[in-house]
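Working notes, structure below.
The values are calculated or read from the model by the stated rules, or taken from the named source; none is laboratory data. From a predicted model like this one, the values you see are computed outputs, not experimental measurements. Because the Cβ atoms are built from the backbone with ideal geometry, glycine has one as well, and the counts that use them run over all protein chains shown. Heavy atoms of the whole protein, side chains included, go into the accessibility calculation; ligands, DNA and RNA do not. Shrake-Rupley method; radii C 1.70, N 1.55, O 1.52, S 1.80 Å.
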Amino acid sequence: MASVSMETTAAVKAAAKQRSKPGRFVPNYWPFVIPALVVVAAVIVFPWVFTLWMSVNSWTLGQAQVFAGLDNYLRLAVDLRFWESLWHTVLYTTLSVVAPLFLGTLAALIFDAQFPFRGLLRGVFVMPMMATPVAIALVWTMMFHPQLGVLNYLLSFIGIGPQEWIYNQKSVIPSLVLVETWQWTPLVMLIVLGGLAAVPREPYESAEIDGANVWQKFRYLTLPMIAPFLMIAVIIRSIDAVKSFDIIYAMTQGGPGTASETINIYLYNTAFSYYDIGYGSAMAVIFFVLIVMLSFILLKVKQRANWSDGETR
């Protein structure tokens, strides 16, 4: 025991002597970290700090900046147009999540089956989500035209009269959701298709022996096993839809009137059309808080889904 203790002491002394030698290289990782920190501070931190500062100031472009405290936030509380845009955002987001989720799941179930030219048809089906939003908006705007649009022409074959689509306050949001659904249903299909590829086949064989029909197999086998993938699709589509701007602005600019004006459109008009930078900044802060809250809720719901391999197999 004494010899072991002496050997340990000698080793510790040798290590200490080695560390005390001059000229020994000590790795320094800060030169690699600092450029990334500078980029993050310039691109993320500074804009948000500046937005927070502007939100507590009364600043119309071209005029002097005056500190206003919480006046901009209090103004939001009584702004009926803001609450109307919030309702439009909730409605648009809900429809833009539910419709692609349903149609994308249905498409995934179809493309999961074996049939000729399945790979080719999959490729054709995912093409809409590869197009740029502005190009999609221009094409669909022409298709929605009440007199010259192809959609009303096709509806005439089944005895339905011409519709006003995006030119009517009651139908503008459903029409915009139709475009959003057409573009992003393929994304949901790919996510669910990945989940279906991971589903084992043994439970289906047992269910067929027990006499289960197609609906029962989907309800009690397929749906629980692809639920985590559906939650991923819901999270992605919710965050994407709630901040949608390009298609709405290119097609309606929030019109007719303010019938399709979401928070994004109202924020943009306030800051860059009316040049009320302070009020627009306060709106941006509130909008950011709403997105964070939505993300937190969706992630909490996702954590309750069965995600472990043992539960999905």
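Convex hull volume per residue, computed on the Cα atoms of the range 45-191, equals 197 Å³. Once the 1.4 Å probe is applied to the protein heavy atoms, the range 50-155 comes out at 61 Å² accessible per residue.
Here is the list for the range 148-240: trypsin sites (Lys or Arg not before Pro) lying in DSSP coil, each with at most 16 other C-beta atoms within 10 angstrom of its C-beta, are 170, 201. Classified by the C-alpha gyration tensor, the range 151-283 has an oblate form. Its axis ratio a/c, with a ≥ b ≥ c, is 1.5 or above, and a/b does not exceed b/c. The apolar share of the surface of the chain, taken as the fraction of accessible area on carbon and sulfur atoms (1.4 Å probe, ligands and nucleic acids excluded), comes to 70 percent. Applying both filters, DSSP loop and at most 14 other Cβ atoms within 10 Å, to the chymotrypsin sites (Phe, Trp or Tyr not before Pro) of the range 44-152 gives 117. When the Cα positions of 47, 279, 301 are compared along the charge dipole of the chain, 47 comes out farthest toward the positive end, with charges on each C-beta of Lys, Arg, Asp and Glu. Relative to one another, the C-alpha centroids of the range 218-272 and the range 156-170 are positioned 24 Å apart. As a ratio to 2.2 N^0.38 Å, the alpha-carbon radius of gyration for the range 195-261 is 1.85. Where q = 0.07, 0.12, 0.14 Å⁻¹, what log10 of I(q)/I(0) comes from the Debye formula for the chain, counting one point per Cα? One equal scatterer on each Cα of the chain leads to -0.48, -0.99, -1.18.
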